[in-house]
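Q: Just passing along the structure, written as structure tokens.
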Amino acid sequence: MSDVLLQALEGGVATLTLNRPDKRNALNAELVEALTQALAETAADERVRVVVLRGAGKDFCAGADLAELERVAEMGYDDSVADASRLGAVFSAMRSHRCPIVAVVQGRALAGGCGLASACDLVLADEASEFGYPEVYLGFVPAMVMAILRRKVGEGQAFDLVATGDRISATRAQELGLVQRVFASADVEAQVGAYVNALAAKPVSALRLSKSLLYELDALDFDAGIARGAEVNAEARATAECRAGVRAFLERTRQAQAGQEG
């Protein structure tokens, strides 16, 4: 694993840490390549139940590295599309990953860094963190992430975020649906640990099926979505985890009833 991305696995939780703190974890070609590799490895590792993405140092990720911006500014159109598609492939790999991917945002998540957080299935944020898509100030567009952003916050809010380039607080990001949980700074590590460990303790088959169905519904109309839901329901019932869970529930119910009768 490259030094720009640290990787650890404990208790079914794979933690990927963007490790360029001196650059506010800005994205460069090496880091994008390392993320691509790590996502493939964790998707193939049956020990992994949850993936956590976070940044070393004070910030989650400040977006593209300035050196990268200078480099891409000189590219021709075809080379530029190919370069941008590498980060787009990271977003796609995150969405198709079999495990829930959780962003832990502390400090700033801006531009491509905010896009990276948005591409995660769930976002946990320090109350002091900031989010934003300031690309418009450079005459640039957060183009690929808009496919995700409009689904998470709606068209109007998505356009407001990218057209104004305003930074928003973690609380505002939660109100918009960009963030799922906001934790007090003094307690963020304990709260994140509790949340992630609880998620990792859930039946892995249920999480995998829930995630895949959620995103599959994007391409289906209502009736097709209901029909696909019935198929996934049947798939879930057939798993060993579901059958064990149902048996345990029924046994607890019988014991409770016996206790009341006694």
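The values are calculated or read from the model by the stated rules, or taken from the named source; none is laboratory data. Please read these numbers as outputs of a predicted model, since none were measured by experiment. With ideal geometry, Cβ positions are generated from the backbone for all residues, glycine too; neighbour counts draw on all protein chains shown.
Q: Tell me, please, whether a residue that is in a loop (DSSP other than H, G, I, E, B), among the polar types (S, T, N, Q), in the same structural domain as Val13 (by TED's automatic domain parsing) and within 30 Å of Arg54 (Cβ to Cβ) can be found in the range 184-197.
A: In the first step, residues of the range 184-197 are kept if they are in a loop (DSSP other than H, G, I, E, B); the result is 184.
Narrowing the set further to residues that are among the polar types (S, T, N, Q) leaves none.
No - not one qualifying residue is present in the range 184-197.
Q: Among the candidates Ala62, Ala93, Ala82, which residue alone is touching a Leu at 6+ places or on another chain (Cβ under 6 Å), more than 20 Å from Tyr133 (Cα to Cα) and in the same structural domain as Phe140 (by TED's automatic domain parsing)?
A: Details: Ala62 fails: more than 20 Å from Tyr133 (Cα to Cα); Ala82 fails: touching a Leu at 6+ places or on another chain (Cβ under 6 Å).
Among Ala62, Ala93, Ala82, only Ala93 is touching a Leu at 6+ places or on another chain (Cβ under 6 Å), more than 20 Å from Tyr133 (Cα to Cα) and in the same structural domain as Phe140 (by TED's automatic domain parsing).
Q: Right, here's the next one. In this structure, is Lys202 within 30 Å of Arg243 (Cβ to Cβ), of a type in the set (D, E, K, R), at pLDDT 95 or above and buried (at least 18 other Cβ atoms within 10 Å of the Cβ)? Spell out the reasoning first.
A: Values: within 30 Å of Arg243 (Cβ to Cβ): yes; of a type in the set (D, E, K, R): yes; at pLDDT 95 or above: yes; buried (at least 18 other Cβ atoms within 10 Å of the Cβ): no.
So Lys202 fails the test.
Q: With the requirement that a residue be polar (S, T, N, Q) and part of a strand (DSSP E or B), what does the range 1-38 give you? Let's see the steps before the verdict.
A: Here is the first cut: in the range 1-38, the ones polar (S, T, N, Q) are 2, 7, 15, 17, 19, 25, 28, 36-37.
Gln7, Thr15, Thr17, listed by residue number.
Q: Show the residue pairs that are 6+ apart or on different chains and have beta-carbon atoms under 9 Å apart, the first residue being within the range 142-166 and of a type in the set (Asp, Glu), the second being buried (at least 17 other Cβ atoms within 10 Å of the Cβ) and in a loop (DSSP other than H, G, I, E, B).
A: Asp166/Tyr133
Here is a yes/no grid of residues against (1) at pLDDT 95 or above; (2) surrounded by 17 or more Cβ atoms within 10 Å (Cβ to Cβ):
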residue: Leu18; (1), (2): yes, yes
residue: Leu35; (1), (2): yes, yes
residue: Ala38; (1), (2): yes, yes
residue: Ala44; (1), (2): yes, no
residue: Arg49; (1), (2): yes, yes
residue: Arg54; (1), (2): yes, yes
residue: Asp59; (1), (2): yes, yes
residue: Leu69; (1), (2): no, no
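Q: Condition first: crowded, with 23+ Cβ neighbours inside 10 Å, assigned to a helix (DSSP H, G or I) and hydroxyl-bearing (Ser, Thr, Tyr). Now tell me which residues in the range 98-153 satisfy that.
A: Ser118
Q: In addition: Take Asp45 and tell me if it is within 24 Å of Pro134 (Cα to Cα) and outside the structural domain of Leu213 (by TED's automatic domain parsing).
A: Working: within 24 Å of Pro134 (Cα to Cα): no; outside the structural domain of Leu213 (by TED's automatic domain parsing): yes.
It is false that Asp45 is within 24 Å of Pro134 (Cα to Cα) and outside the structural domain of Leu213 (by TED's automatic domain parsing).
Q: State which residue is farthest from Asn197 (Cα to Cα) when the search covers only the range 23-55 and only residues that are in contact with a His (Cβ under 8 Å, 6 or more places away or on another chain) and of a type in the set (Val, Ile, Thr).
A: Taking the range 23-55 as the starting set, the residues that turn out to be in contact with a His (Cβ under 8 Å, 6 or more places away or on another chain) are 39, 42-43, 51.
Subset that is of a type in the set (Val, Ile, Thr): 42, 51.
Working: Thr42: 17, Val51: 11 Å.
This residue is Thr42.
Q: Next question, about the same structure. Could you please find all residues in the range 206-262 being in contact (Cβ under 8 Å) with a residue 40 or more places away in the chain and of a type outside the set (A, V, I, L, M, F, W, C)? Don't jump to the end; show me each part of the working.
A: Of all residues in the range 206-262, those in contact (Cβ under 8 Å) with a residue 40 or more places away in the chain come to 207-208, 211-212, 215, 218, 245.
Residues satisfying the conditions are Arg208, Lys211, Ser212, Tyr215, Asp218, Gly245.
Q: I'd like the full set of residues that are assigned to a loop (DSSP other than H, G, I, E, B), in contact (Cβ under 8 Å) with a residue 24 or more places away in the chain and not aliphatic (A, V, I, L, M), limited to the range 39-91.
A: Asp45, Arg47, Arg49, Gly57, Lys58, Asp59, Phe60, Gly63, Asp65
Q: Could we say that Ala236 is part of a helix (DSSP H, G or I) and exposed (fewer than 12 other Cβ atoms within 10 Å of the Cβ) here?
A: Numbers: part of a helix (DSSP H, G or I): yes; exposed (fewer than 12 other Cβ atoms within 10 Å of the Cβ): no.
So Ala236 fails the test.
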